[in-house]
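A short reminder: the numbers here are calculations on the coordinates, not readings from a lab. Only a predicted model underlies this, so the values are computations on that prediction, with no experimental measurement involved. As a convention, Cβ positions derive from the backbone with ideal geometry for all residues, glycine included, and neighbour counts pool all protein chains shown.
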Amino acid sequence: MAKKFKSDGHKVVIVGTGNALEKKIFAQYDIETIFFKNRFKDTSGLKKYLVALTRPDLELIRYVAELSPQLILGMGGYASFDLCKTASFLQTIEGNDLFIPGTIIKPYLAIHEQNAKAGRVNRYLAKTQARGVIEGLPGGFGWFTKIFKLETDDHVFLGNPVRDEILNIDKIARSFPDKSKKPRIFIMGGSQGARSINMTVPKAISLLMAEHPVEVIHDSGEKDFEAVNDHYLEL
């Protein structure tokens, strides 16, 4: 999405938390990137909710105020929370409140939910602060929107963005199941659920292969690669 906005002539800044994966990915693109502390790192339970009630770091607020973006797009997760909350915070102040000359542009806050079921952060923002809600899969907010009326009428299903590198991959036609080959299973975890999948699925595959030989492709991510690889070598 950042590449598309930039190619259309817009100034784009990616705000991240500076973890190793972000730095590796963002370094591949000629897009301005800035990192701020993730206040939710290493917090859980009640402490995480208490952090959410406090004001974002002043450094982040001042940066966004000086940048004066017209749009802030949150992609979900606790890493995006402070940036999105900053957009809401700027609706209530003037430039001289932060000792910044001139008028602060009040940014439009939109959130994008990529999953079939919206996560906690996006559910909270959709109810309290976001002016635009975009679903990557239809019904991502489902039951939540039936119980809690969203504060915005800009609630649309647009789908998930797909990189050009993926769209341009040559399509290989293959009927499935192909009786001349083993069934092929692709395994991929995501977000906080990835580790439990990485540690559990190899054991399940071993039980399956006892009766039904299969071909497995497991996208484990770098962090768990060695452990997952060892599990499969033991099969």
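Once backbone amide H atoms are built at 1.01 Å from N, I185 has E215, V216, I217 as its partners under 5 Å, excluding neighbours fewer than 5 places away on the same chain.
Toward the positive end of the charge dipole of region 184-233, with +1 on the Cβ of Lys and Arg and -1 on the Cβ of Asp and Glu, the farthest Cα among S196, L233, P213 is that of S196. Between Y49, L83, F35, the Cα set farthest toward the positive side of the dipole of region 2-167 (charges on each charged residue's Cβ, about the Cα centre) is that of Y49. Cα to Cα, under 19 Å, and not fewer than 8 places away if on the same chain: which aspartates and glutamates meet these conditions relative to K127? Straight-line reach from K127, under 19 Å: D82, E113, E135, E151, D153, D154.
Using Cβ point charges alone (K and R +1, D and E -1), the dipole size of region 184-233 about the Cα centre works out to roughly 140 debye. Sorting the segments 105-115, 29-39 by their residues' average number of neighbouring beta-carbon atoms within 10 angstrom, most packed first, yields 105-115, 29-39. First check a/c for region 2-167, with a ≥ b ≥ c the square roots of the eigenvalues of its C-alpha gyration tensor; if it is under 1.5, answer rounded, and if not, answer prolate when a/b is larger than b/c or oblate otherwise. Cα axes put region 2-167 in the rounded bin. Spin-label pair K47-E66: with each label point 7 Å from Cα along the Cα-Cβ axis, the two points sit 3.1 nm from one another.
Extending 7 Å from Cα along the Cβ direction at I187 and again at F35 yields two label points whose distance is 3.1 nm. Taking Cα centre as origin and charging only the Cβ of basic (Lys, Arg, +1) and acidic (Asp, Glu, -1) residues, the dipole magnitude of region 2-167 rounds to 580 debye. Ignoring lysines fewer than eight residues from K181 along the same chain, the ones with Cα atoms less than 20 angstrom from its Cα are K171.
Evaluated on region 26-99, the Kirkwood hydrodynamic radius is 13.7 Å, with distances taken between all distinct Cα atoms.
Between I169 and L21, 0.36 nm times their residue separation minus their Cα-Cα distance comes to what? The span from I169 to L21 would gain 50.9 nm if fully extended. Once the chain from K106 to H10 is taken as fully extended at 0.36 nm per residue, the excess over their C-alpha distance is 32.8 nm.
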